[in-house]
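Notes for the one structure printed next.
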Amino acid sequence: MAKIWCKDVVDEIRARVTSASWHDPHNGGTYSFLDDSADDVLQIQRVTANKKYTDKMTFTFTKQGHKKACAVHACSESQVFSIADFSTNYCNLRNLYCGSEDGCKPVRHDFSSEELDISPSMGAGNDKSACIAGATKDALVVDV
């Protein structure tokens, strides 16, 4: 759950994906949009720095009534078979919404969030400490 309006969460993710000043802290991958035409769904891909692996992500955003809060549901999936992902899919997602209190570098909106449900597939990890420096692949669903 992000403690900010959904439009601002979407704006921050769009800014990180497109900004020349923001860099993937996990292992220097490159993010790009597959589809960002809707305000409540973003489809993104991330290619590793060595260009060997591609992961695809979907984010959905749901306004929480009249509260300044946004439910973020996201899934990252490796496009190749892997046994262990060393938290890569988790970090793919987390590094696009985490705030400065988590050690991340926001581009436009610095906000806090609470991860309510993390459902990794077999072999996928969810180690926050892996997100700021080096890893590999699988599939993961995170509700923020």
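Return, in residue-number order, each cysteine of the chain whose C-beta is not under 4.7 Å from any other cysteine's C-beta. Lone cysteines by the Cβ rule: Cys75. For the residues Gly103, Gly29, Gly125, a GNM of the chain with alpha-carbon springs under 10 Å puts the largest fluctuation on Gly103. Comparing Asn89, Asn126, Asn50 in a Gaussian network model of the chain where C-alpha atoms under 10 Å apart are linked, the largest mean-square fluctuation is found at Asn50.
Counting other beta carbons within 10 Å of each Cβ, put Ser82, Ser119, Ser87 in order, fewest first. Don't jump to the answer; show the numbers that get you there.
Values: Ser82 18, Ser119 12, Ser87 23.
Placing the least packed residue first, the sequence is Ser119, Ser82, Ser87.
Lysine pair count for the chain (Cα-Cα distance under 14 Å; residues 8 or more apart in sequence or on different chains): 9.
Listing Cys91, Cys131 from fewest to most neighbouring C-beta atoms within 10 Å gives Cys131, Cys91. Compactness of segment 6-143 was expressed as the Cα radius of gyration divided by 2.2 N^0.38 Å, which yields 0.96.
Mean-square fluctuations from a GNM of the chain, with a 10 angstrom spring cutoff on Cα atoms, peak among Lys105, Lys128, Lys52 at Lys52.
As a proxy for reagent exposure, ranking Ile118, Ile44, Ile83 by other Cβ atoms within 10 Å from fewest up yields Ile83, Ile118, Ile44.
What angle do you read, to the nearest 10 degrees and between 0 and 90, between the alpha-carbon axis of helix 6-18 and the longest principal axis of the chain? Around 40 degrees separate the two axes.
We did not get these values from a lab; they are worked out from the coordinates using the rules stated. If you're wondering where the values come from, they're calculated on a predicted model, not measured in any experiment. We place every Cβ from the backbone using ideal geometry, glycine too, and count neighbours over all the protein chains shown.
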